[in-house]
Every structure is written in C-alpha cells, then in structure tokens.
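Here the structure is laid out as structure tokens; the discussion comes afterwards.
The values are calculated or read from the model by the stated rules, or taken from the named source; none is laboratory data. On a predicted model such as this, the values are computed, not experimentally measured, just so you know. Methodologically, a virtual Cβ is constructed for each residue, glycine included, from the backbone with ideal geometry; neighbour enumeration extends over all protein chains shown.
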C-alpha cells in the first residue's frame, strides 16, 4: 500500500511538471520561414504605423524604413489577455503567467519571411519593442 501511494505521488508530480511546461510559453520564439535569410540578409524594410502608438513610434525611431521596399514589417501586440486552457491552473498559481505579447513579422508580398514573438507578463513597453527589433536586425538585416 505504501508503494502505491508513492507511485500516485510520483505520477501526480510528473503530471504537474508536464502541464507546467506545456502551457502558454513565455520565451521568445524566432522563426525563419525563409531559411536563406540566415546567410543572405535583407537590404531594407518598409513599415506603416497603423495605430500611431508610442510602440510604433519607437519602432520607427530604430531604423530608417524605406516605403518602396518590398520587405514589409508588421507589428502586432496585445495586453490584458488570458490563456484559458484548463491545464494552466498549476502554472497560473506558481509563476508569472503571460498576459501580453509582441509579434514582429516580415513578409514579401504574401510570403512570410521571418517572425519574432514573445509572451510578456506586463503591458508591452518600448524596451520590449527595442529588444525585439534589435534581435530582428541582427538576424535578418545587413
């Protein structure tokens, strides 16, 4: 009987750890949709502000965007979001659960070239945009 209770506790711990690491992630995710960008970097980017927010203004101050460039950068972000998966209860109770995100995507026409995404535990800040764009620059721009 004693071994059975140890097995159940071990199973419960394993289940908790599995759910803890499979719930919403907080790590940045970088995706090269066009693998050639790792060797052949882009010459330019275009960017159009859609909300004219301080985050977009910061982004515009970090780089000299070229309106005629075919490589288009888009910025999306959101705060006050909730990951409603019922499996997230352990993570919500024990960690700083993400409540916002930032996504930077580079496209040429309808083809996705590159994406930078990060979950945040706070409202997106200009520092988050600066960090993400600097990562994008080092990854894909000359």
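Annotations for the structure displayed:
- All told, residue 110 meets the bar of being over 16 Å from residue 59 (Cβ atoms) and at pLDDT 85 or above.
- Residue within region 82-101 that is touching a helix residue (DSSP H, G or I) at 6+ places or on another chain (Cβ under 8 Å) and modelled with pLDDT of 70 or more present: no
- The set of residues in region 43-54 being surrounded by 13 or more Cβ atoms within 10 Å (Cβ to Cβ) and more than 21 Å from the chain's Cα centre (by Cα) consists of 44 alone.
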